[in-house]
Ligand SMILES: *Cc1c(COP(=O)(O)O)cnc(C)c1O
């Protein structure tokens, strides 16, 4: 028997992490020491762990520089059609390990750090997440950037460099408390400011109509200052750019004309302009209608379009660009083209030909409808143009009081798509039915995906290695090759290897949990995880009802052989979303009772995972046995968390919603725990009326659970703490939690039964991994490229530049 390998030795063996050649390691050490000295201005006596992280970040960054410059040079020389991905969110997470993975530097850096007496994993923990997103939509943008670079598209991400990203969530006495995310406090080694490309963006003012055209005058100007972040492709020497705009007041801000406050006040007021890029709005799937948010949307679009047009004018051949808008951002493009040089017809034609609109939700409260008076004040000229678009293109006129941004996007784009098959069908059948009937050829589907680099190779190297041992490494670029794993579904050694990696990941996460939550974890229990934003439609409450039911069953028959579970729920609630915050409080309250009940012991633990974010997803998902994807059918556009779990060897319990439908199809329905109403059932129920009390009255275990919540069983010091939640569930539950309760509980019983047969369980895990190839964002991006953007993925590699020696 071989002796067990230390973490460090094991890493050295892993081929997916790149080779640690001797010269490579020597050069890295030399450059690391150079950066510690010249960049950090420290020696080993006074260096902090953060200094060590920054020195490593700079050392790795140096390997991007030559590739970045040469990629952009090659785009200038070849002038391919560019893709511009505009998004208010890019949820990037950490950059160091991702860069090492994509540049095949991970083993060499690990070895270099080891030789210098440092633990690379510890240094990585010093990096702040770039949390410039709320959830799935922002993370999708980040996965797309990775795929676009890996597929060799000349692509750019454009967004806002928020000074404060998504808040940090603390749990205090069971309640969510928000803390500001001051992610730039210690500096950001991955960005490069480009003040030479600063752009003016205008707001407010009024329009003057002259015989020779329209003028927008008396505006306030804010400058948009770009910061570039490199986006490396997977081992192809391509490095694209994510350009994020920061708001800067002009020097003369508030100092001219009718300003009354005087010099000091004028300088203090610069904050007002610079607030535009201060903070990310923390709502997921919810439209708040704040003026500052409309300013942010216009700011990113106006700055980006100027940048695109500058690049277009400076291009060698005169390129054929495409703008892809994620939000309702296009009137700005029209305005620019319309008033400056072109006729309305030509400008509108260019707008439609260049823009494509992706819809990300069907929830009515999430769709943007801006009040006319707000629009009128902030962007008076743009409102006039919207009226003109309305007059010419919309049969059924806009509501007179609101600008419906989704409708504007549909008429202003040549393609409209949803993000999973079922979601795209719902758009055509209900949400955008009229538009579909007018223009059926515009409507498409592009099922979402995730990047297998971050969501497998980087976060679960053990699994990536076990797979690579059987089918080679090409699946990392071409995830469909995971299908080859079907051949190994009866291979005893492979089954053992897959189960072993999962157990190792669980042990590692259990250590993290015990440190963090002071709860003793049973590593043999099923790790049952639901991590995503807290929202009524995602139905964390249905999960709670299962937990309570399971708890009551253990209490009723304490000597039965229950399948032990550690149930983890994590996610942020929007600070203004009262019900979501109460859901968090309920989860922590259930945990307090269940986790301290000696009858239960280690057969059930309930843990609220604090501060769920990209970095925590990377730790939790590889450790999951069971993935909870239990939204009401018809409400989750796609989901991407579901795909991360599938790729990392969890089984899914889920409704026929979003991408779950296609995941079950790929894995085989026998290997998927499907329950609950289908969309048709939900629609039928809406037609006849949902009556929660019928379920409550006819299901004793449901009644018991609700009575316990309502009666203070989980909040003895405050028996009526959850009265709002109970009232909602009983009387105005839009998401019909009770209607799926019984089927959910039955399905969970099947899950528990299968978990008792580890080999059968693992075989289904293998078939899920084998079926997860479709959910690579490389596939998604290839389809966007060919079917909407009119560009061809190249898969070409650039020549390697001279790396720092
Ligand atoms: C993938 C991801 C999401 C999206 O999860 P869903 O379950 O699809 O809502 C949200 N937050 C983070 C941090 C993620 O990584």
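Please work out how much length the chain gains when fully extended from residue 198 to residue 704, using 0.36 nm per residue of separation minus the C-alpha to C-alpha distance, in nm with one decimal.
So the extension gain works out to 175.9 nm.
Once fully extended, how much extra length lies between residue 19 and residue 172, figured as 0.36 nm per residue of separation less the alpha-carbon to alpha-carbon distance?
50.6 nm
Between residue 42 and residue 746, what is the label-to-label distance in nm when each label sits 7 Å out along the Cα-to-Cβ direction?
Rounded to a tenth, the inter-label distance reads 6.0 nm.
Once R0 is set to 30 Å, what does the formula 1/(1 + (r/R0)^6) return for the Cβ-Cβ distance between residue 732 and residue 670, expressed as a FRET efficiency to the nearest 0.05?
Using R0 = 30 Å, I get an efficiency of 0.20.
What percent of all Cα-Cα pairs in region 582-636 falls in each 10 Å bin, counting up from 0?
For region 582-636, the binned pair fractions read 19, 36, 39, 6, 0 percent.
Between residue 805 and residue 278, take the C-beta separation as r, use R0 = 35 Å, and let me know the FRET efficiency to the nearest 0.05.
The pair residue 805/residue 278 has a calculated efficiency of 0.25.
For region 514-611, what percent of Cα pairs sit more than 20 Å apart?
35 percent
On a full-extension model of 0.36 nm per residue, what is the gain between residue 76 and residue 474, subtracting their alpha-carbon distance, rounded to one decimal in nm?
140.3 nm
For a test of the definition: using alpha carbon positions, the gyration tensor, and the 1.5 limit on a/c, classify region 66-202 as rounded, prolate or oblate.
Because a/c hits 1.5 or more and a/b fails to exceed b/c, region 66-202 counts as oblate.
Counting only the backbone N, which residues of region 272-287 are under 20 Å from the spot 7 Å out from the Cα of residue 255 toward its beta-carbon?
Taking a point 7 Å out along Cα→Cβ of residue 255, the residues of region 272-287 whose backbone N falls under 20 Å are 272-275.
Using Stokes-Einstein with the Kirkwood hydrodynamic radius over Cα pairs, what translational diffusion coefficient do you get for the chain at 20 °C and a viscosity of 1.002 mPa s, in µm²/s rounded to a whole number?
Diffusion coefficient, whole number: 77 µm²/s.
Report, for the chain, the % of DSSP beta bridges that are antiparallel, rounded to 5.
Roughly 45 percent of the DSSP beta bridges within the chain come out antiparallel.
Let me know the Rg and Dmax you get for region 606-689 when you use only its Cα atoms, in Å.
Taking only Cα atoms of region 606-689, I get Rg and Dmax of 14.1, 44 Å.
Can you tell me the Rg and the Dmax, both Å, for the Cα atoms in region 77-149?
For region 77-149, the Cα radius of gyration and maximum Cα-Cα distance read 15.8, 48 Å.
Once the principal axes of the Cα atoms of region 223-282 are found, what is the range along each, listed largest first in whole angstroms?
That gives 58, 26, 15 Å along the principal axes, largest extent first.
Quick one: 614, 606, fewest Cβ neighbours within 10 Å first, how do they rank?
Starting with the residue having the fewest Cβ neighbours, the order is 614, 606.
Neighbour counts of other C-beta atoms within 10 Å: give me 209, 63, 516, 360 arranged from fewest to most.
209, 516, 360, 63
Taking neighbour Cβ counts within 10 Å as the exposure measure, how do 103, 272 sort from fewest upward?
The fewest-first ordering by Cβ neighbours comes to 272, 103.
None of the figures in this text is laboratory data; all of them are computed from the coordinates on show. Note that the structure is predicted; figures quoted are calculated from it, not measured. Every residue, glycine as well, gets a Cβ built from its backbone with ideal geometry; the counts of neighbours run over all protein chains shown.
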